[in-house]
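K.L.:
Can you keep this structure in mind? I'll have questions shortly.
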Amino acid sequence: MPILILGLVIFLGAHSIRIFADGWRTRMIARIGAKPWKAAFALVSLIGFVLIVVGFGQARHTPELLYLPPRALKDLNGLFTLVAFVLFGASHAPPTHYKAWLHHPMVAGAGLWAFGHLLATGFLHDVVLFGAFLAWAIVDFAAARRRDRVTNTVYAPGTLRNDLITFVIGLIVWAIFAFLLHGPLIGVQPFGNP
């Protein structure tokens, strides 16, 4: 569990700089340049991510059950995760209503992903991982929306065509991951297990 927690601190800490030290971030980018900043950010994020994966894997060997979710909540997680995949895609797509409305669909998607997994899993290591991501997503989403209000940031209005394309691509990627990749990569088959 300590490695998982360290990974979360590093990964989410790096992703929280705009929340807690936006002025410092701006000064650092001005001093070293955007590309070196992005490279350093990516390296720190990768280190944190690797530690999360290793720590989560280790914690699964000594599971501590906190609660046993009913099957219905596990199935509901599939819906939350589908929406998260669509929102993740919307953050990189041409203008959509998703982005125009939410402004930060990737962060909203991360929150939905974490919330759904908290409903579906009940071990301590799950609660630590998904609880940390949910708390971060809530704080980051609120901070990003506040920055948008301060700077009067307006997002391009979406089109129904872009909404549909983003939804279909998100649905396809979600289905591939949920039915084909989640089991081999994560070790848990989301659908079909009791």
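A quick yes/no check of all residues on (1) modelled with pLDDT under 95; (2) farther than 18 Å from TRP136 by Cα; (3) in a helix (DSSP H, G or I):
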| position | (1), (2), (3) |
| --- | --- |
| ILE3 | no, yes, yes |
| ILE10 | no, no, yes |
| ARG18 | yes, no, yes |
| SER45 | no, no, yes |
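Conditions (1) of a type in the set (Lys, Arg); (2) outside the structural domain of ILE172 (by TED's automatic domain parsing); (3) within 27 Å of ILE176 (Cβ to Cβ); (4) touching a Phe, Trp or Tyr at 6+ places or on another chain (Cβ under 7 Å), marked per residue:
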site: ALA90; (1), (2), (3), (4): no, no, yes, yes
site: THR96; (1), (2), (3), (4): no, no, yes, no
site: HIS103; (1), (2), (3), (4): no, no, no, yes
site: ALA108; (1), (2), (3), (4): no, no, yes, yes
site: LEU124; (1), (2), (3), (4): no, no, no, no
site: VAL128; (1), (2), (3), (4): no, no, no, no
site: ARG149; (1), (2), (3), (4): yes, no, no, no
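K.L.:
Residue under question is LEU112, and the condition is that it be buried (at least 20 other Cβ atoms within 10 Å of the Cβ), free of Cβ contacts under 8 Å to residues at least 40 places away in the same chain and in the same structural domain as ILE176 (by TED's automatic domain parsing); does it hold?
P.N.:
On the way: buried (at least 20 other Cβ atoms within 10 Å of the Cβ): yes; free of Cβ contacts under 8 Å to residues at least 40 places away in the same chain: yes; in the same structural domain as ILE176 (by TED's automatic domain parsing): yes.
Taking the combined requirement at face value, the residue satisfies it.
K.L.:
What single numbered condition from (1) of a type in the set (Phe, Trp, Tyr); (2) assigned by TED's automatic domain parsing to the domain that holds VAL127; (3) touching a His at 6+ places or on another chain (Cβ under 8 Å) fails to hold for PHE56?
P.N.:
Against the list (1) of a type in the set (Phe, Trp, Tyr); (2) assigned by TED's automatic domain parsing to the domain that holds VAL127; (3) touching a His at 6+ places or on another chain (Cβ under 8 Å), PHE56 comes up short only on (2).
K.L.:
Pick out the one residue from ILE52, ILE47 that is touching a residue at least 60 places away in the same chain (Cβ under 8 Å), under 19 Å from the mean Cα position of the chain (by Cα) and farther than 19 Å from ALA178 by Cα.
P.N.:
Details: ILE47 fails: touching a residue at least 60 places away in the same chain (Cβ under 8 Å).
Exactly one of ILE52, ILE47 is touching a residue at least 60 places away in the same chain (Cβ under 8 Å), under 19 Å from the mean Cα position of the chain (by Cα) and farther than 19 Å from ALA178 by Cα, namely ILE52.
K.L.:
If you don't mind, there's one more thing I want to ask. Could you grab me the full set of residues in the stretch 159-175 that are under 18 Å from the mean Cα position of the chain (by Cα) and without any contact (Cβ under 8 Å) to a residue 60 or more places away in the chain?
P.N.:
ALA175
K.L.:
I'd like the full set of residues that are outside any helix (DSSP H, G or I) and free of Cβ contacts under 8 Å to residues at least 24 places away in the same chain, limited to the stretch 80-109. Show your work before the answer.
P.N.:
Of all residues in the stretch 80-109, those outside any helix (DSSP H, G or I) come to 91-96, 103-104.
Passing the criteria: SER91, HIS92.
The values are calculated or read from the model by the stated rules, or taken from the named source; none is laboratory data. Keep in mind it's a predicted model, so treat the numbers as computed, not measured. Heads up, the Cβs are rebuilt from the backbone with ideal geometry, glycines too, and the neighbour counts pull from every protein chain shown.
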